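Step one of this worksheet: look at the structure below.
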Amino acid sequence: MEYKPIRKVVSGNYAAAYAAKHARVEVVAAYPITPQTSIIEKIAEFIANGEVENLQYVAVESEHSAMAACIGASAAGARAFTATSAQGLALMHEMLHWASGARLPIVMVNVNRAMAPPWSVWDDQTDSLAQRDTGWMQFYAENNQEVYDGVLMSFKVAETVNLPAMVVESAFILSHTYDIVEMIPQELVDEFLPPRKPLYTLTDFDKPFSVGALGTPADYYEFRYKIEKAMEEAREVIRKVGKEFGEMFGRDYSQMIELYRTDDADFVFMGMGSLMGTVKQAVDVLREEGYKVGAAKVRWFRPFPKDELYELAKNVKGIAVLDRNFSFGQEGILFNEAKGVLYNTDAHPIMKNYIVGLGGRDFTVNDVKKIADNMKAIIEKGELDVEVDWYHLKR
Amino acid sequence: MNTLFGEKKEGATKIVLKSVDEYPEAPITLGTTLINFTGDWRTFIPVVDDNKCVKCYICWKFCPEPAIYIREDGYVGIDYDYCKGCGICANECPTNAITMEKEEK
């Protein structure tokens, strides 16, 4: 079948809901939380209108239960989906470990929102990055199209390596902002994403067994190693699935870090999510003005794209890491990870951390230009002014 | 999955997996109770009176362990290797067919 995209003007949240529908999810268990709510409202609407067959919606009383229900459904062999934000994701935390530990390929959309207090509903990546060590893969979407594509690819990757995956989009900047999204006809989605083949299924009544039983010190360790092996395998699977997606639908995701005009760049801006759209636009403006700059958008934060980062770092003099998140007592989380990866390599560009946009603070092309001037001066001088720069701080 | 963890080998007193490759991908059926009987934790022991039993199987549904089974004649039996003596079965039984008695050890 020839690929003719269906163009729809949708919000990031509706893009997520459509992707879940097209992925033929069988169980959705979710609890409403701003700004995620419209994802599950749309899915409820699909069910009410009879647009989906074989999709069970479980209304639960909290996010902890939402993930518990997804775990049960996934262990029974179903393709399970949920969505949440910030405090809801934090409430799910315990269950996230259960999902990855039991090797269940659940896919969740997390709408990035700042943690309270002060109470905030705006964009900030600290909620999802705080789940870094739960064994979930994490994909960061730049725009509504990537939310849609990310959900479909995540199901395929998750079900290949048997680990859960989180697709992350920005509060309001994507979740409630409408944009054109090219959707894929159902038959082609089915071709790309065949029905799930579970590792095990609780509904095999002839072979009963228990899941998540006691693991003594004699056995626990091996299961942790198996999760790490699956994460390692996921790097290759992500590249392969991203390439296949590109060949079928024209949007290539084979690189875990998307490089934008970095070929002859002196230094690059590195970051994740919607803020990288602003950065790419700023790169165009700066290039016109004679700056040799590029952008490096980290698409997958887990597994961490070590190889791609090393290749990039070898060829630039500096990396400005833009973190819309913070790990208190240390530095921005992406900055921390990136520096750690490069320590035992021969690639050591000057790296500076800019903390930007926390709690939805506006981050504009003009801000990127100011950062570019600062980075340029640092590289010329050959030394950092400060390592971690609270860029927007009212001084 | 090639191996289901916990299929006890003939004569084995302990299940030992020697290399990481012998482990299943997911931590399912660790099989620890095949060798680790949990029935010696109890003080009280349930005793079923078949004359009072009406085969409603409420005890079988409520037992939190797999300690109650349905016998071939339709009455319920108790697997004392795994019964922890919690007494839920006796509490739920509508005809008081199950009584908890102090176990003589």
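The values are calculated or read from the model by the stated rules, or taken from the named source; none is laboratory data. Just so you know, these numbers come straight off a predicted model, no measurement behind them. Here the Cβ is made from the backbone with ideal geometry for all residues, glycine too, and neighbour counts use every protein chain on show. The area values use the complete protein model at the heavy-atom level, side chains included, leaving out ligands, DNA and RNA. Shrake-Rupley method; radii C 1.70, N 1.55, O 1.52, S 1.80 Å.
Structure notes:
- Within segment A:91-109, residues that are within 12 Å of chain B (Cβ to nearest Cβ) and more than 23 Å from A:E142 (Cα to Cα) reach partners that are of a type in the set (V, I, T) and open to solvent by 10 Å² or more (accessible area, probe 1.4 Å) with beta carbons closer than 7 Å, at six or more positions or on different chains, in the pairs A:W98/A:I71; A:A99/A:I71; A:S100/A:I227; A:A102/A:I71; A:A102/A:V211; A:L104/A:I71.
- Restricting A:L188, A:L214 to residues that are out of contact with any strand residue (DSSP E or B) (no Cβ under 7 Å at 6 or more places or on another chain) and buried (at least 17 other Cβ atoms within 10 Å of the Cβ) narrows the list to A:L188.
- Out of A:D252, A:D263, sole residue that is closer than 26 Å to A:V189 by Cβ and in a loop (DSSP other than H, G, I, E, B): A:D252
- Within segment A:148-168, the set of residues being over 16 Å from A:F245 (Cα atoms) and open to solvent by 10 Å² or more (accessible area, probe 1.4 Å) comprises just one member, A:N162.
- Applying a threshold of 6 Å to beta carbon distances and a minimum spacing of six or more residues, or different chains, the list of pairs starting in segment A:361-372 at a residue that is of a type in the set (D, E, K, R) and ending at one that is surrounded by 13 or more Cβ atoms within 10 Å (Cβ to Cβ) reads A:R361/A:H392.
- Taken together, the criteria exclude A:K240 from residues that are open to solvent by 50 Å² or more (accessible area, probe 1.4 Å), over 19 Å from the mean Cα position of the chain (by Cα) and charged (D, E, K, R).
- Some residue of segment A:351-370 being basic (K, R) and crowded, with 18+ Cβ neighbours inside 10 Å: yes
- For segment A:13-29, the count of residues that are more than 26 Å from A:M92 (Cα to Cα) and either among the small types (G, A, S) or open to solvent by less than 30 Å² (accessible area, probe 1.4 Å) (or both) is zero.
- Restricting the first member to segment A:208-222 and to residues that are in contact (Cβ under 8 Å) with a residue 12 or more places away in the chain, and the second to residues that are surrounded by 15 or more Cβ atoms within 10 Å (Cβ to Cβ) and not basic (K, R), the beta-carbon pairs closer than 6 Å and six or more apart or on different chains are A:V211/A:A75; A:V211/A:A102; A:V211/B:I28; A:G212/A:A102.
- Residue, farthest from B:C53 (Cα to Cα), within segment B:78-102, restricted to residues that are loosely packed, with under 15 Cβ neighbours inside 10 Å and touching a strand residue (DSSP E or B) at 6+ places or on another chain (Cβ under 8 Å): B:K102
- Unmet criterion (only one of (1) within 23 Å of A:V147 (Cβ to Cβ); (2) open to solvent by 40 Å² or more (accessible area, probe 1.4 Å)) for A:G329: (1)
- Here is the figure for segment A:332-346: residues that are open to solvent by less than 60 Å² (accessible area, probe 1.4 Å) and either farther than 27 Å from A:Q281 by Cα or touching a Gly at 6+ places or on another chain (Cβ under 9 Å) (or both) total 5.
- Taking segment A:346-390 as the range and being assigned to a loop (DSSP other than H, G, I, E, B) and within 24 Å of the chain's Cα centre (by Cα) as the test, the residues that pass are A:V356, A:G357, A:R361, A:D362, A:F363, A:T364.
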